Amino acid sequence: MRILLSILFLSLLASVAHAVDNEEPLEDPALQARYEKIIDEVRCLKCQNTTIKDSNAFLAADLRREIRHMLEDGLTDEQIFDFLVERYGDFALYEPRARGKTLILWIGPALFLLGGAFVLVNIVRRRMTLPIENDASDEG
């Protein structure tokens, strides 16, 4: 019984560990590490909720190949991200840069929290100034 469970568990692990990127690793380990980091930060434009590292969509495979070629050509990470943003917009990156129209994505949540805290403080202050009604005086 243990052997059967072990085989079942290992087959489950093997199916989960199936790599989406079936390209050969780059020869330079530092370049491969940069490649892995970049494809983990780029959104799949078809799936939208996964990175191109985890997506098996044709567009994701094409972007992985393109990024691999750019790395082999000697482009920096910033140049690759600039290319992706220029071609596909800020949505291509999982963490859009804090500039221009994406600035609202970074500042917006803080503004909502501050606004909510301001409203909450005002409500509490008003309620503290209201007179306390005594139920015992109404009975008599």
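The values are calculated or read from the model by the stated rules, or taken from the named source; none is laboratory data. What you see is a predicted model; the values in this text were computed from it and never measured. Every residue, glycine among them, receives a Cβ derived from its backbone with ideal geometry; neighbour counts consider all protein chains shown.
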Are any of the residues in region 46-65 of a type in the set (D, E, K, R), at pLDDT below 90, in contact with a Ser or Thr (Cβ under 9 Å, 6 or more places away or on another chain) and outside any helix (DSSP H, G or I)? yes
Taking residue 81 as the residue in question, decide whether it is surrounded by 15 or more Cβ atoms within 10 Å (Cβ to Cβ), in the same structural domain as residue 23 (by TED's automatic domain parsing) and farther than 15 Å from residue 23 by Cα. yes
I'd like the residue in region 73-130 that is among the acidic types (Asp, Glu) and not in a helix (DSSP H, G or I) and, out of all such residues, is modelled with the lowest pLDDT. 95
